[in-house]
Amino acid sequence: MFTNTMGNAMLLLLVPLLSLIMASSTPSTQALVQDFCVGDLARGDTPAGYPCKPEAAVTADDFSYRGLSATGPTIEPFNIALSSAFSPRFPGVNGLGISAAIVHFGPGGVVPLHSHPGGSELLFVVEGTLSAGFISSVTNKVYTQTLRKGDLMVFPQGLLHFQIATGAGAGGNDDNATAPAAVAAAVALSMYSSSNPGLQILDFALFANNLPSDVLSKVSVLDELQIKKLKSLFRGTG
C-alpha cells in the first residue's frame, strides 16, 4: 500500500516536470530567451518573419529608425502621406510584435477602408481632428468616433477601418466644415501588434486588379461602367 502511494506520488511529480522540460525545448520558448532577432532582409521574408541576422553583424543602428521624421509619399486620390516603420524598413522590430506608422492628412485627407491582416492597430492623434471607425466582421456594425489631439482608438486585427480628417480650417468652424478647403490637416501615429501587420486597401483590391470588369460587376453588384471608370482611376486592367 505504501509502495503504491509512493509510486503515485512520484508519477504526479514526474508528469509536470517532464512537461516543463519538453516545453523548454520548443521554439516558442527558445524565442522568449533570445534577446532579439534583427531581420536579415537579404534572406527574404517568411510567414514567421525575417531570419535573424547573425549577432556579430548586429549594430546599434539596427535598433533605431529615422524614417518617420520625413513626410512619406502622397497616396492619391486620398490626399494623405504615409511613412511606415515595419520590419522590411526597420529590421530591429523583427520578431518583437511591434511596429509603427505615421500619416499626414492633407485638407480633407482620407485613409480609405483597409485592413491589417497581421495585427491590431492603436492610433494616436498628434494634430487635428479625425472621424474614425471600423466594421465588425460578425454583425457588420460600424463603430465610429470623433478623435481629437491626444485621443486614442484601437482597430482590431483584420477588420476594415478608416480615418477622415475633419474639423475647422482657417476661417471655418466645426459646424460648416463640409468642403475640403475648410478642413484642417491632421497627423496621426499608429502602433501595431505585429512587426509587419500588412496592409490591404479595399479600393485598390477592387479596382487596381486585372479581374475583368464584367466579372467584377457580377460579384460586387456594381455598375460595369462605374467599375471601368474606377479601374482607370486606380490603374487596374480588365
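Going by the structure shown, is Asp151 more than 17 Å from Ala185 (Cβ to Cβ), surrounded by 14 or more Cβ atoms within 10 Å (Cβ to Cβ) and over 15 Å from the mean Cα position of the chain (by Cα)? Criteria not met by Asp151. Yes or no: the stretch 52-64 includes at least one residue that is more than 22 Å from Leu160 (Cβ to Cβ), surrounded by 17 or more Cβ atoms within 10 Å (Cβ to Cβ) and among the acidic types (Asp, Glu). Within the stretch 52-64 (the criterion being more than 22 Å from Leu160 (Cβ to Cβ), surrounded by 17 or more Cβ atoms within 10 Å (Cβ to Cβ) and among the acidic types (Asp, Glu)), the answer is yes, since at least one residue qualifies.
Just wondering, is there one or more residues in the stretch 142-152 that are out of contact with any strand residue (DSSP E or B) (no Cβ under 7 Å at 6 or more places or on another chain) and either within 29 Å of Lys231 (Cα to Cα) or of a type in the set (Val, Ile, Thr) (or both)? No. Residue-level check: of (1) under 21 Å from Ala205 (Cα atoms); (2) free of Cβ contacts under 8 Å to residues at least 24 places away in the same chain, Lys141 misses just (1). Residues that are of a type in the set (Phe, Trp, Tyr) and closer than 26 Å to Gly44 by Cβ within the stretch 75-96 comprise Phe86, Phe90, listed in sequence order. Looking across the stretch 195-238, the residues that are among the hydrophobic types (A, V, I, L, M, F, W, C), part of a loop (DSSP other than H, G, I, E, B) and farther than 21 Å from Val110 by Cα come down to Leu211, Val221, Leu222. Restricting attention to the stretch 39-87, the residues that are among the charged types (D, E, K, R), in a loop (DSSP other than H, G, I, E, B) and free of Cβ contacts under 8 Å to residues at least 40 places away in the same chain add up to 3.
Readers should treat all values here as calculations from the given coordinates under stated rules, not as data from a laboratory. All values derive from a computational prediction rather than experimental measurement. So basically every Cβ, Gly included, is an ideal-geometry build from the backbone, and we count neighbours across all protein chains shown.
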